[in-house]
Amino acid sequence: MNKPIIPYGRQHIDQIDIDTVINTLTADFLTQGPKVSEFEEKFAKYVGSKYAVAVSNATAGLHIAVMALGLKPGERVITTPITFAASANCVRYCGGEVWFADIDPNTYTLSLESTQKLIESKPKGFFKGIIPVDFAGLPVDLEQFRTLANEHDLWIIEDACHAPGGYFTDSKGQKQHCGNGAYANIGIFSFHPVKHIACGEGGMVTTNDEALYNKLSKLRTHGITKDNMSENHGGWYYEMQELGYNYRLTDIQSALGITQLEKNDVGVVRRNEIAENYKEAFNGKIKFQSLPKGTYNAHHLFVIEVENRKALYDYLREEGIFAQIHYIPIHTLPYYKKIGYENADLKNAEQYYSRCISLPMYPSLTDKEQEYVIDKVLNFIK
Ligand SMILES: *Cc1c(COP(=O)(O)O)cnc(C)c1O
């Protein structure tokens, strides 16, 4: 085999996707049309939530989620340091303070114990919400976070950007799909091409709460509504009731989202096959993300930990394998350092970051390509 170029993630676009986008281009609506609501309805059905609001990207979704939950300047929210910066930035957009709890050293997701410790170290009412992240595709046990949140009167936003199709099993033995709103107030998904469902840019906000749904819908479109007007105005009449944004998804993107969504289950099965191959090859030699019982990992990423991470990264690049690091801990990014996180004590997150590397993981990765990746990794560590 010639030296390949193997990225860590890649979208999969087929002829059905192409045809549907082309058809939408000649339809009546390029935006604010029927494809958007069709995508919302199908997505809600897929994850098992009552409502879904399509947005221009997941970052916009996180922003209006925090707004809809009523966060005021100076109020505090807990999240994990091992996630994309957007999971924390949404709190800053609303003038809130981000507090980081540590990760679990084996699942790499927000540690329940660390979160509980942080909450209990402060007076009641100090925190307003928690944003757990289904990191790498591994669903967080939101039932446990809900119990903690209820004790302290907190809301939960599940950042499920990595995990459409994943689920955990709750104490009643029920499968709880990511973003279904059973335990979190709001779920967030991204349709950036490196994620499961590619729209170019795009996102979805899910909830079971009608009042939140109405707020989210309004905030996505400038804070404007035509619903429930008190008087009988003319047909043109609308009200801008609060300061919202233009965070809409187009019909072109929604059409692509619909056909991409239809392939998600097949893609997640393939991702799990790839994960099993990695695990079989690395078992006992290399540490990888552990899988709690009853949990189905949607596998946006496959992360391993190694001693000499930078050397492995460089070596793999030389061999045409573009592995990636997820993530630089948020509290160590210059912006967050500057606003006071310099001395945050997050040992598990920092230890993890010094060792982590994400290997190629996407449905169209071939067995042959994966064997090549495994060969190179094993060759490096021996
Ligand atoms: C990708 C990602 C986001 C942001 O998604 P965009 O659609 O690019 O705005 C937020 N949180 C997590 C965990 C992500 O991986």
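Here are a few things to note about the model shown:
- Checked against a 27 Å cut-off, the cross-linked pairs Lys215/Lys293; Lys122/Lys293; Lys337/Lys376; Lys128/Lys226; Lys128/Lys215 give Cα-Cα distances beyond that limit for Lys215/Lys293; Lys122/Lys293; Lys337/Lys376; Lys128/Lys226.
- Charge-dipole axis of the chain as Lys and Arg at +1 and Asp and Glu at -1 on Cβ define it, positive-most pick from His12, Cys161, Phe322: Phe322
- Region 116-240 shape via C-alpha gyration tensor axes, a/c threshold 1.5: oblate
- Cα gyration tensor, region 170-260 - rounded (a/c under 1.5), prolate or oblate: oblate
- The helix-based estimate of mean residue ellipticity at 222 nm for the chain, built from -39,500 (n - 2.57) per DSSP H run of four or more residues and divided by its residue count, is -11500 deg cm²/dmol to the nearest 500.
- Note on Ser121 and Thr26: the extension gain reaches 28.4 nm, defined as 0.36 nm multiplied by sequence separation minus the Cα-Cα distance.
- When Rg and the Kirkwood Rh are both derived from Cα coordinates, the Rg/Rh ratio for region 316-373 amounts to 1.16.
- Going by neighbour counts of Cβ atoms within 10 Å, the residues Arg355, Arg146 line up, fewest first, as Arg355, Arg146.
- Of Val194, Asn180, Leu219, farthest towards positive along the dipole that unit charges on Lys, Arg, Asp, Glu beta carbons give region 156-229: Leu219
- D by Stokes-Einstein for region 1-85, Kirkwood Rh over Cα pairs, 25 °C, 0.890 mPa s: 143 µm²/s.
- Here's the picture: charge each Lys and Arg Cβ at +1 and each Asp and Glu Cβ at -1 in the chain, and of Ala88, Thr26, Tyr341 the one pushed furthest to the positive end of that dipole is Tyr341.
- Each residue in Glu41, Glu158, Glu318 was given a count of other beta-carbon atoms within 10 angstrom of its own, and listing them fewest first yields Glu318, Glu41, Glu158.
- Cα gyration tensor shape for the chain, rounded if a/c is under 1.5, else prolate or oblate: oblate
- Whole-Å distance, taken between Cα centres, linking region 89-122 and region 333-373: 18
- Ordering 195-203, 28-36 by mean Cβ neighbour count within 10 Å, with the highest value first, yields 195-203, 28-36.
Only the coordinates and a few stated rules stand behind these numbers; no lab work does. Computed from a prediction, not measured in an experiment: that's the story for all the values here. When we count neighbours, we look across all protein chains shown, and the Cβ atoms used for this are built from the backbone with ideal geometry, even at glycine.
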